[in-house]
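Have a look at the structure below, then the notes.
The values are calculated or read from the model by the stated rules, or taken from the named source; none is laboratory data. On a predicted model such as this, the values are computed, not experimentally measured, just so you know. Note that we place each Cβ from the backbone using ideal geometry, even for glycine, and neighbour counts take in every protein chain shown. Ligands, DNA and RNA are stripped out before the accessible areas are found, and what is left, the full protein with its side chains, is counted by its heavy atoms. Shrake-Rupley method; radii C 1.70, N 1.55, O 1.52, S 1.80 Å.
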Amino acid sequence: MILDLPKWFDLHTHFRQGPAVPDYIQAHRAMGCAGALAMPNTQPPVSRVTGPATPTAWSIESYRAELSAAGADAFEKLIIPLYLTRETTAAMIAEGAASGLLQACKYYPPHGTTNAEHGMPMDDLIGSDVLRAMEDHNIILCIHGEQHGLSGPDYIDAAHNAETRFYTERMPRLIAAHPRLRIVCEHITTRTAAEFVKSAPGDIGATITPQHLLYTLGHLIQGLKYHLYCLPIVKFAEDREALRQAVIVPGQSRFFAGTDSAPHTTKATACGCAAGCFTGGCAPQLYAMAFEETGIDLGTDAGRTAFENFLSLNGPAFYRFPGSTQRFRMEKAPSNTTVLDTPAGPVTPLPTGMGVELAWRIKA
Ligand code: DOR
Ligand code: ZN
């Protein structure tokens with residue numbers, strides 16, 4: 001079976017900084033990716049709009065030049081959100097929007113994930129001039145939706161977790177205070193978040209990663225498969241089922257591809273594990289496997305259409321740029337991923353860490 005699809009856009013990825021960036025971008029291009037939204041939790045963070053890079057901040061302008069020189073100039077689209085910090089001002093939003101450099105901002109829960117220490121609490125953002133300016137200037141808010149500062153059973157137990165708390169306690173307040181804000185709920189992992197996205201009023205979308213469609217907490221815990229450790233952490237079968245059912249609805253337009261591919265050259269550290277799954281090179285194959293596990297026959301028109309909507313069409317439509325006119329092909333045939341050797345060190349793609357073969361391969 002061959003799938004012939006429009007090239008897709010990874011609307012949530014991490015390209016980092018430094019000498020490995022060309023390898024990360026090349027891995028994306030090799031999997032039919034026509035463009036990306038590159039997250040701003042770099043070192044230092046992308047917390048300004050214009051100006052040269054400094055030891056404490058990239059600007060969108062300077063980080064864009066860095067990525068372009070590393071191969072992203074071949075992309076049809078490159079969006080770099082502004083990292084919302086205590087230094088972000090409404091004037092930066094207005095000027096960034098006017099210059100065309102600013103299309104989105106990213107909310108990180110303080111200390112909630114890799115390089116999230118510059119984030120400010122959602123409670124301080126709700127009602128702020130910054131979010132009002134984003135509403136006025138049509139700037140999308142990308143949200144890492146987890147309540148920060150929780151520990152132990154408040155962080156995760158069978159009934160609640162940092163994400164369900166965020167979607168039941170913070171999100172209703174956010175959308176009530178900022179009804180015109182266009183929001184992407186990033187890498188959602190729970191039934192609670194999926195239900196919120198489906199029923200919320202306004203312009204609300206969500207990215208879903210391959211790992212959250214394929215795996216559960218059991219897969220992570222059994223053998224402590226740390227290449228599957230990312231944040232938000234994979235959840236329970238019931239959550240995975242809700243995500244699967246959300247993406248296969250014919251004609252659905254709110255859910256789209258965003259891999260959260262997050263290269264780490266060191267996963268297991270002296271005191272824990274770096275959060276992030278690297279899916280450069282293998283994300284469409286993993287998404288196809290997830291659709292098939294949900295019972296979708298990708299050989300039928302209906303199946304292929306649902307997959308194409310999720311992978312290639314819904315994301316650009318939400319961000320209001322044209323889908324790609326180029327195409328790529330995938331074949332139903334086993335293939336393997338290999339460790340990516342970069343000047344920063346080796347990076348292990350997720351399925352290698354899980355010890356499984358891919359059921360699909362990208363046709364050259
Ligand atoms: O697992 C994750 N890794 N989640 C994030 O939010 C950040 C990412 C990273 O940058 O490594
Ligand atoms: Zn991310």
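Computed from backbone phi, the HN-Hα couplings of the range 100-111 come to x, 6, 9, 10, 7, 10, 10, 8, 10, x, x, 6 Hz, rounded to whole numbers (Karplus: 6.51 cos²θ - 1.76 cosθ + 1.60, θ = phi - 60°; Gly and Pro given as x). Between residue 297 and residue 157, the contour length at 0.36 nm per residue exceeds the alpha carbon distance by 46.9 nm.
Under a 5 Å amide H cut-off, with hydrogens placed 1.01 Å from N, residue 231 pairs with 276 among residues at least 5 apart or on other chains. Remark: spin-label model distance residue 273-residue 50 equals 4.5 nm, labels positioned 7 Å along the Cα→Cβ axis. Neighbours of residue 310, meaning other residues whose beta-carbon lies under 12 angstrom from its beta-carbon, give a summed charge of +2 when Lys and Arg score +1 and Asp and Glu score -1.
This model, with +1 at the C-beta of Lys and Arg and -1 at the C-beta of Asp and Glu, gives the chain a dipole about its Cα centre of some 420 debye. With Cα atoms defining each centre, the range 255-273 and the range 288-334 are spaced 24 Å apart in the structure. Judged by the mean number of other Cβ atoms found within 10 Å, the most tightly packed of the peptides 216-224, 262-270, 2-10, 76-84 leads the ranking 76-84, 2-10, 262-270, 216-224. Each helix, a run of at least 4 DSSP H residues, gives -39500 (n - 2.57); summed and divided by the residues of the chain, these come to -8000 deg cm²/dmol at 222 nm. Summing charges over neighbours of residue 9, with a neighbour being any other residue whose Cβ is under 13 Å away from its Cβ, gives +1 when K and R count +1 and D and E count -1. Along the axis of the charge dipole computed for the range 2-363 (Cβ charges of +1 for Lys and Arg, -1 for Asp and Glu, origin at the Cα centre), the listed residues 153, 336, 51 are led at the positive end by 336.
Residues in the range 163-174 carry Karplus couplings, in order, of 6, 5, 5, 5, 6, 8, 9, 8, 4, x, 5, 4 Hz; the curve used is 6.51 cos²θ - 1.76 cosθ + 1.60 with θ = phi - 60°, and Gly or Pro positions show x.
Solvent-accessible surface of the chain, taken per residue with a 1.4 Å probe and all protein chains present: 38 Å².
For the pair residue 99 and residue 341, the difference between a 0.36 nm per residue extended length and the Cα-Cα distance amounts to 83.4 nm.
Put the Cα centre of the range 1-41 next to the Cα centre of the range 79-124 and the gap is 22 Å.
The share of accessible area on the range 2-363 that comes from carbon and sulfur is 52 percent, using a 1.4 angstrom probe. Annotation: peptides 138-148, 345-355, ranked by per-residue average of other Cβ atoms within 10 Å with the highest first, follow the order 138-148, 345-355.
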